[in-house]
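The values are calculated or read from the model by the stated rules, or taken from the named source; none is laboratory data. Everything quoted here is computed from the prediction, not taken from an experiment. Because the Cβ atoms are built from the backbone with ideal geometry, glycine has one as well, and the counts that use them run over all protein chains shown. We work out accessible area using only protein heavy atoms, side chains counted, and drop any ligands, DNA or RNA first. Shrake-Rupley method; radii C 1.70, N 1.55, O 1.52, S 1.80 Å.
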Amino acid sequence: MSKEIILNAFEMNSSMHNSHGFWKHPESKRHRRYKDLDYWIDLAKKLEKGKFDAVFFADVLGIYDVYRKSKEPSIRDGLQVPLNDPALLVSAMASVTEHLSFAVTVSTTYEPPFGNARRFSTLDHLTKGRIAWNVVTSYLPNAARNFGLQNMIKHDERYSIADEYLDVSYKLWEQSWEDGAVVEDIENEKLVDPEKVHEINHEGHYFSVEGPHLSEPSLQRTPVIYQAGTSERGREFASRHAECIFVGGPTPERIRYYIDDIRKRAESHGRNPEKIKFFSFLSVIVAETTEEAEKKFEEYNKVWSADAAKAQYGASGYDIAEYEELDPDLPFEYTKKTEGGHYKAAALTKDAPKKLTVGEVLNRFESLDRNSIIVGNPSEVADAIQFQFEESGVDGFNLNHLVTPGDLESFIDLVIPELQKRGLYKTEYKNGTLREKLFPEGKSTLPEDHPGSKYRRVIEKQQ
Ligand SMILES: Cc1cc2nc3c(=O)[nH]c(=O)nc-3n(C[C@H](O)[C@H](O)[C@H](O)COP(=O)(O)O)c2cc1C
């Protein structure tokens, strides 16, 4: 059987995620409806109809305020604000679906691990094993100040914190409760066997946690771990912990480079590199005919917000407004190091297929980037998706929302059947937890070669 595309809907519990200015489009409903539970329940049903593997909830903990050193452009254009908590949507969406999974973003920089571990155990129980955690280290200076820090913790140190955070989490999920700890022994008046519930007594550099974990083990114990880091340190972290990894890049070759690099690193950590799934972005405008799709593209271009796009670029730590003062013919270069995320910064320099000028970079923000959106009729769109899938070596995509819910409905009605016809997309869901669906040869818990599993073995040795 040929390899099938894994598909996540890229979402945010917000008025708008990456579709800058699209709230002005007459068919956009999300900025009015994202706070309405019915909106998310409908979305879950639609996604399951389209056999999506998961809905992936991005999240941030502050306002983008690097661009023009102000929060005003982001707030005015609804750039990821207003923004509600994504985890609180999951139970309702799970209750109307059977197979759709949920990846929820939580930062390791600001929320302590004990409560987070309980949150994911709870969600894993309630969804019967359909939960993933997108581990992020957060790139917004405003987020730091929201959590009591004057300055952001430095980029690489954020990953050191994340490493220890994950170790604490594995101890809670894998080590604290033995299988069969809930004995329900009426005769001996014992619901839980205290011998089988252990403190973790973690004393590390950043965290101190006694335990035991408050939740009993869920089907997956550790949620499926997602991550997206392009930097050296980000890739190192991903290769140790992540089971699903996002790689961005302007060309299939660049994406393949990152995949190969991360696989090599994973091997050096004793992991089977073939058992990691890779994802990249997908943006699609589809209609019955090419002409209609092109017309939509033009309409979207009219409502595009260059200001919101520039504000979002502030995730890199660079203020693009500073370049507006420069000679447009100068080569586009960074003159200082920032503590922001490297991914966005690299896209305009070392990941770009050619050296760009200041003018070319500034121009990119002014309109919808045609190179990063597939526009066409169903067969043209499927051709382009197939090309990206086969050339880059990814296992799947995060599908961006554009004008919602219309574009998602068109994708499900027009593109999914075309991909299915080509044998590139499932016609039925597999049974089991998210981890079993992604890795059918494995189990619902972490595989033996994953670093989280070593904590499980500690218990086995003690017995
Ligand atoms: C598909 C994708 C989704 C992401 N989602 C989030 C998110 O929801 N919240 C967040 O703070 N960062 C998110 N990021 C940013 C990453 O967590 C990370 O900060 C970024 O890729 C830079 O990492 P690096 O500095 O290691 O390259 C996402 C990145 C990608 C590519």
| Distance (nanometres) between label positions extended 7 Å along Cα→Cβ at ASN201 and GLU299 | 6.5
| field | Nearest-ten-degree value, helix 252-268 long axis tilted from longest Cα axis of the chain | value | 20
| THR335 to GLU366: FRET efficiency via 1/(1 + (r/R0)^6), r the Cβ-Cβ distance, R0 22 Å, to the nearest 0.05? | 0.40
| remark: Mean accessible area per residue over the stretch 305-366 (1.4 angstrom probe, all protein chains present, square angstrom) is 48
| task | Run down the lysines and flag those whose C-alpha is under 21 Å from the C-alpha of LYS430, throwing out any fewer than 8 positions away in its chain. | result | LYS3, LYS45, LYS46, LYS49, LYS51, LYS128, LYS275, LYS277, LYS421, LYS443
| note | Between SER231 and residues 5 or more places away or on another chain, the pairs with built amide H atoms under 5 Å apart involve HIS342, TYR343
| field | Amide hydrogen neighbours beyond the local backbone of ILE200, cut-off 5 Å, H modeled | value | GLY211
| said: Can you compute the modelled spin-label distance between ASP36 and LEU126, with each label point 7 Å from Cα toward Cβ, in nm? | reply: 2.2
| field | Shape of the chain, Cα gyration tensor, a/c cut at 1.5 | value | prolate
| message | Need one word for the stretch 305-366: rounded, prolate or oblate. Basis is the Cα gyration tensor (sqrt eigenvalues a ≥ b ≥ c); a/c below 1.5 gives rounded, then a/b vs b/c decides. | response | rounded
| query | Magnitude of the Cβ-charge dipole of the chain, K/R +1 and D/E -1, about the Cα centre, nearest 20 debye? | reply | 280
| Using alpha-carbon positions, what is the distance between the centroids of the stretch 258-281 and the stretch 172-195, in Å? | 37
| query | For the chain, what proportion of DSSP beta bridges, expressed in % and rounded to the nearest 5, is antiparallel? | reply | 15
| query | With every protein chain present, what is the per residue accessible area of the stretch 4-160 (1.4 Å probe, Å²)? | reply | 38
| task | Mind checking the full-extension length gain between LYS190 and GLU98? Use 0.36 nm per residue of separation minus the Cα-Cα distance, one decimal, nm. | result | 29.8 nm
| Which residues' amide hydrogens lie under 5 Å from the amide hydrogen of ALA103, considering only partners 5 or more residues apart or on another chain, with H built in the peptide plane? | VAL55, PHE56, PHE57, ALA132
| field | the stretch 346-463 shape via C-alpha gyration tensor axes, a/c threshold 1.5 | value | oblate
| remark: Checked against a 23 Å limit on the C-alpha separation, the offending pairs among LYS69/LYS344; LYS302/LYS337; LYS154/LYS344 are LYS302/LYS337
| request: Would you give the gap between the C-alpha center of the stretch 396-421 and the C-alpha center of the stretch 1-72, rounded to a whole Å? | output: 13
| request: Just tell me which lysines come within less than 19 Å, Cα to Cα, of LYS296; anything on the same chain fewer than 8 places away is out. | output: LYS24, LYS29
| request: Give, in nm to one decimal, the length gained when the segment between GLU291 and ARG422 is fully stretched (0.36 nm per residue of separation minus the Cα-Cα distance). | output: 44.8 nm
| note | For the chain, the percent of accessible surface on carbon and sulfur atoms (probe 1.4 angstrom, ligands and nucleic acids excluded) is 50
| query | Residue-wise, which Karplus ³J(HN,Hα) couplings in Hz belong to the stretch 145-150, taking 6.51 cos²θ - 1.76 cosθ + 1.60, θ = phi - 60°, and x for glycine or proline? | reply | 5, 5, 10, x, 9, 6
| Acute angle (nearest 10 degrees) that the helix 453-462 long axis makes with the longest principal axis of the chain, alpha-carbon atoms | 0
| query | Is it possible to state the helix-based mean residue ellipticity at 222 nm for the chain, with each DSSP H run of 4+ residues giving -39500 (n - 2.57), the sum divided by total residues, to the nearest 500 deg cm²/dmol? What is it? | reply | -10500 deg cm²/dmol
| query | With contacts defined as alpha carbon pairs under 8 Å and 6 or more residues apart, what's the relative contact order of the chain in percent? | reply | 23
| remark: A correct Karplus calculation of ³J(HN,Hα) over the stretch 298-313, with 6.51 cos²θ - 1.76 cosθ + 1.60, θ = phi - 60°, whole Hz and x for Gly and Pro, returns 5, 4, 5, 4, 5, 9, 3, 10, 5, 5, 5, 5, 5, 5, 5, 4
| field | Cα long-axis angle, helix 155-170 against the chain (0 to 90 degrees, to the nearest 10) | value | 30
